[in-house]
Every structure is written in structure tokens, then in C-alpha cells.
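Enquirer: Below is one structure. I have some questions about it.
The values are calculated or read from the model by the stated rules, or taken from the named source; none is laboratory data. Here the structure is a predicted model, which is why all the values come from computation and not from measurement. Because the Cβ atoms are built from the backbone with ideal geometry, glycine has one as well, and the counts that use them run over all protein chains shown. Calculation scope for accessible area: heavy atoms of the full protein, side chains included, ligands and nucleic acids excluded. Shrake-Rupley method; radii C 1.70, N 1.55, O 1.52, S 1.80 Å.
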Amino acid sequence: MKKLFYVAIMALAVVFTSCAGKSGSSDFYNNGKEPEIDFNAGTVNGVKYNDTDNKCWVYTTKITVAGLSSKSSDTYIWGTEFAMVAACETAMYVAHETPLTKASYTYKEVIADEEGCEELMDEYNKD
């Protein structure tokens, strides 16, 4: 239960900030679908992701409201691909459930160790 709560909190942060390489969209959740996250198997919506190796990731989420206003931003994160995708897909579901909102994300690995990733996070968040 704590893990699910953590993913939900991360997802809300992602919706209002951001997820680049691989991608997802809030359109996936049309027709009443909900995210299927299996913490034991390391799968999101039936797809297996690496849930053991922490890496530096940059993800970009684009959010469009009422087809008029669009915002996009990058975020750097240190963690497993599974944790990041689970958070991003949960954010896509939340965006889908929010009236007049569409969202999408892309992500890719950044070659950096944990300290280098934190420096990228700090540098990006200066603005």
C-alpha cells in the first residue's frame, strides 16, 4: 500500500511537471482502462521494465488543456525504469480523468552516476 501511495504522489508531481526514447499517452486510458502496475513482476500495463538497476533518466511530459494551452518540461530523476514508467503512466491516467486535458510523455536514459544526476537535477531546477 505504501508503494502505491508513493507512485500516486509521484504521478501527481509528474502531471504538473513532466516524462524522452520511449513514450506513453493519456489516450491509452480511453474506454475505462486503468493502469495495471505489478510491483512483484515489475510490469506496467503488462510490459516488463527493469526494476533493479537505478539509472539517471530525463523525462518530458507535454500537457494540453482544452486543446489550447500546452506546456512541456523536462525532469531528471535517479531510479529504476519501472518506478519512473509506473509514475508516468499513473500521471497519464490522472490526466485522462481530468476534463479537457491530454498528456503524453517520452523518456530516455542519461549517462550519469547518481551524483551527476543530482547535479543535472539541481542545474535544471535553478530556473
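Enquirer: Among the residues in the range 70-89, are any more than 15 Å from T101 (Cα to Cα), open to solvent by 60 Å² or more (accessible area, probe 1.4 Å) and touching a strand residue (DSSP E or B) at 6+ places or on another chain (Cβ under 6 Å)?
Expert: Yes, the range 70-89 has at least one match.
Enquirer: Let me ask another. Anything in the range 21-37 that is assigned to a strand (DSSP E or B) and open to solvent by less than 60 Å² (accessible area, probe 1.4 Å)? List them, or say none. Explain how you work it out, then say what you get.
Expert: Kept after step one, since they are assigned to a strand (DSSP E or B), are these residues of the range 21-37: 22-25, 37.
Across the range 21-37, the qualifying residues are G24, S25, I37.
Enquirer: Name the pairs whose Cβ atoms lie under 9 Å apart, with the first residue in the range 66-83 and within 17 Å of S23 (Cβ to Cβ), the second surrounded by fewer than 12 Cβ atoms within 10 Å (Cβ to Cβ) and among the polar types (S, T, N, Q), and 6 or more positions between them or separate chains?
Expert: T75/N125; F82/T52
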